[in-house]
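First the structure, in the form of structure tokens, and then the observations on it.
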Amino acid sequence: MTAPTSAPTNVGGKAGDSEPLLSLRGLRTHFVRGSETLPAVEGVSFDLAPGRALAIVGESGSGKTVTVRSLLRLLPRSARIVGGEAYFRGRDLLALSEREMRRVRGREIAMVFQNAMEAMNPTLTLERQLTEHLVWHGVCGRAEARERAIRALADVGIPEPERRIRTYPFQLSGGMRQRAMIAMAMLTEPALLIADEPTTAVDVTVQRQILDLLVKVKERGTGIILITHDLGVARYFCDDIVVMYAGRVVERAPTQDLLDDPRHPYSVGLLDSSVELGDRNRPLTPIPGSPPDLARLPEGCPFHPRCSMAERPACLSPQELLPIGEGRQVACWKVRER
Amino acid sequence: MLGGFAGYLARRVLRLVVSLIAVSIITFTLLQLAPGNFADLQRISSGATTIGSAGTEDVMAAFESRYGADIPPWKQYLIFMKGALTWDFGPSYKYPHLEIQEIIAKAFPISATLAILSVALALLIALPVGVYAALRQNSAADHVAMFLVTLGHALPGFLSAAFLVLLFTATLHVLPSSGWEGPRNLIMPVLALAIGPAAVLARYVRSSMLETLREEYVTAALAKGGPRRTVIVRHALRNSLIPLVTVVGPLLASLMTGTVFIEALFRIPGLGLYFATAAASRDMPLLMGSTLFFAVILMVTNLVVDLIYGVLDPRIRAEGGWGQRRPRRASQQESTQVL
Amino acid sequence: MGTTATSESLAAGVDTGALAEPDQAGQPELPRPRGQWARAWDRFRANRLAFASLIFAGLLVVVAVFAPLIAPYHYSETDYNARLAPIGTEGHLLGTDLLGRDIASRLLYGLRTALTVAFGAELTALVLALVVGLVAGYRGGRVEQVLMGFTDVMYAFPSYLFAVVLVTVLGRGLFSLILAIGIASWVTQARLVRAQVLTLKQREYVEAARAMGARGTTIAVRYILPNAIGPILVTTSFGIPAAIAAEAGLALLGLGVQPIPSWGAMITDGMRYLLAAPHMMVFPALLFALTLLAFTWVGDGLRDAFDPSGEQR
């Protein structure tokens, strides 16, 4: 994992915070499809302090999922991590061996997925699925793991856990399944929880339950990376938001700051087209154009073809993510000029 | 309407009985239409396969005493079916000193042995090959494996048998080409019989495995820190084998066909050989008896296979989804396999 | 005798832009599927294995047709002075069998038998399948129910064995053989045809044709049939090697057409003289295998040409 790293950015958290839990520097992940190379993630950096929640927001195809999967090194075979470092508790995740990585997965960093129905093995009971990784990591034996799993199910508000644990995933309601998945992730008491669109596949009432659950997780001191395309969800409990576009970070700011005053034109567009947050009377304005084709990215700023403020030739050179105010960064020369 | 398992079982058994009746009627009718009877055939010397001849007049007498000379066909059919239900098919034309059910009782275990051993061998070959090919998709090994699979699939069992015989008997002189004395007689027939099913199974295992590896729960299991091998076996392989059970039914049918030809080629005294010679010598009762028996075996095993499938897939078992064969298809997202 | 083709991609490629004015007879103009055949042919040609197999298969057909002219001897011409003669014997390039008959000639006649029976049987099956499948799919009703019931029953019973029974019934002639194999295998294809019809029935151009007053039969034959041909072609081409194998198998059991040579019978005979004259079995087996493979690869090629998404791979 060579490649130059960008300058360490001191962002997020309050002054005097301890060492960041996760420090991602210049991550670059490419997909190789035949003769084409798709730069799914191109230079993503951010920090996450312990016990804080970070939201990664963007359209589909922006590289959010690939970023977190790169952290866990769970990429399809056509993908290659070609650059960057990911410092987690003092070690570079991207440089670990597979064996060491396996010890991190599920134990120190846990992940919950968008659709619990698909993320759970339909032919194994809850008991098997919730306990197997405890045994893998040598946390405890099967019997003890079972007890812990039952308690965890109760913790997330699933009634009759001793009975439920013997059932199969399809026998639970959608909301219970999602919560069970979170319980499963938290059983090993990981330092970091990655949640990839945990509320997208459920209906609104369940969304609230899940989000409250995540709040509880955060209160326990676990760091959270939340991936979502829904700014309302991000606002619910995340401290900072990272906005991604075409594999790059275009803006990074504390949540309320971003929502009150988005700077990057893409962030502005996102808010303008967002249903949940907008003033009911304000008209919805979708962002013109369509999401970029990673195989044919424009020169320089990937957003400029759709940007109302675009100016050549300045927008044709790559935009770096640079600070603009307290705890904020933006990747747009024009915004910083103002 | 009965619900759940009992209802499903009842319905399947009913269908089985109806199908059997249909098969027996069809066979019986067809055989009634056949021109010429056994006695006439014996009087005309035929070509390659004449296998002895008995006192034909005695045979015809025995037959007529059982079925009656001037009884209409449908009554003959009923007599036959009544006999069938009581495990009494009457005497065979060709082997009049033997009752058909005796023949079946003696010959079927031999065919069954061949079939079971072949399936076992086929699985033994197909599982590792299929899994390996899936894990190394599009690699050279995968292409070679799939090429061999095409070969095994295209060539019928008796042709593979012919090549095996050429190699092991004619060239290497290590194995006998006919007879049924000891385990050495088993090797080539079982191998030849297993090649076709092995090819079909391997291809199926591979594609089932490829599909399963793309499921999100495999990635999720890895994300929990699962060791690669454990995840492959416990999550991917297990689930990809379940739909395999549905292939077993058609496989058995082709296995049954295979035994007929293989036994004929190797002169193994199994039910297939008797079936073939019954056809060649127009031994109607034996032909009907063995056909019916084949049909029963096939349908019963299909039923058992379906039941096993229900046991393996808890979704069917628990929610009373008996009768729905397809496992629910998961998403087709870009979350592609990580293994 | 199974089906492996999918239907969607083919039917989806139909160019419906030419749904034009009615011609003189009052029936609407047929929407010609333009270009999709050419595209499929290109794909087929690009597949080297399939293309080579097609050439080889074509060669085989030619040889089979002209077998009596090419073969040095008649198939039943015996030469008692040269029985069980080995390869390279003077006058008998591939040796002779137990009666002194020339193996090479018998191979050629055997090819003739195999291809005659196979094409005949497949044609029979195709015709049956088309008629029944079209009617069942388009009209539905009783025909469809009978068809489905029939296939349910036959699903259990292997078609090869059914062919054996049929041969017993129909006798030993060439036609009986063709008929037996054809009847034993039409059912699967009929199902496929019916499925195709059901899918295509709902396409817009069919509705449009109906709105313009076209009659049922016309629709079935002029609109649905041409677009369904792709997958049907594929299954037919897979049916050929299956029928070749069936013919050989039946001959192997002694149910073939005597005394016309058949590879299956030659293999059986060869078994008996395995140690003394292995060449009696080697050549039929080899040629049989090559023929089967050639036709199978053509079928594979056709299938991939019409369905490049290749779900099986």
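Key figures
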| item | result |
| --- | --- |
| 222 nm mean residue ellipticity, helices alone, for chain A (DSSP H n ≥ 4; -39,500 (n - 2.57); rounded to 500) | -8500 deg cm²/dmol |
| Footprinting exposure proxy for A:V82, B:V304 (fewest neighbouring C-beta atoms within 10 Å first) | B:V304, A:V82 |
| At least 15 Å along the helix axis (C-alpha) and Kyte average at least -0.5, DSSP helices within chain A | A:126-136, A:174-186, A:204-219 |
| Under the Karplus curve 6.51 cos²θ - 1.76 cosθ + 1.60, θ = phi - 60°, whole-Hz ³J(HN,Hα) for region A:33-46, x wherever Gly or Pro sits | 10, x, 9, 8, 10, 9, x, 5, 10, 10, x, 9, 9, 6 |
| Region B:241-247 - phi-based ³J(HN,Hα) in whole Hz, Karplus 6.51/-1.76/1.60, Gly and Pro as x | 7, 4, x, 4, 4, 6, 7 |
| Long-range HN-HN contacts of B:S281 with modeled amide H, under 5 Å | none |
| Average other protein chain Cβ within 10 Å of Cβ, residues B:207-219 | 3 |
| Pair A:F170, B:A6: separation of 7 Å Cα→Cβ label points (nm) | 2.4 |
| Alpha carbon centroid spacing (whole Å) that separates region A:54-90 from region A:154-193 | 26 |
| Modelled FRET efficiency - R0 51 Å, A:E19 with B:A140, Cβ distances, 0.05 increments | 0.60 |
| FRET efficiency, 1/(1 + (r/R0)^6) with R0 25 Å, evaluated for B:L151 and B:I116 via beta carbons | 0.55 |
| Pair A:L322, B:L303: separation of 7 Å Cα→Cβ label points (nm) | 8.0 |
| Hz values of 3J(HN,Hα) by residue in region C:181-189 - Karplus curve (6.51, -1.76, 1.60), Gly and Pro given as x | 5, x, 5, 5, 10, 6, 4, 4, 5 |
| Translational D in µm²/s for region B:105-281 (Stokes-Einstein at 37 °C, 0.692 mPa s, Kirkwood Rh from C-alpha pairs) | 187 |
| GNM result for chain A, Cα springs below 10 Å: residue of A:R179, A:R33, A:R103 fluctuating most strongly | A:R33 |
| Which of A:T285, C:T124, A:T131 has the fewest Cβ neighbours within 10 Å, and the rest in rising order | A:T285, C:T124, A:T131 |
| Contour excess over end-to-end distance, with Cα ends at A:A314 and A:D203 and 0.36 nm allotted per residue | 35.6 nm |
| Pairwise label distance in nanometres, C:L93 with C:L49, each label 7 Å out on the Cα-Cβ vector | 2.9 |
| Relative exposure of C:E90, A:E36, A:E320, judged by other C-beta atoms within 10 Å (fewest first) | C:E90, A:E36, A:E320 |
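Where a number appears in this text, it was derived from the coordinates with a stated rule and is not lab data. Given the structure is predicted, the values throughout are model-derived calculations rather than measurements. For neighbour counting, all protein chains shown are included, and Cβ atoms are generated from backbone atoms with ideal geometry for every residue, glycine included.
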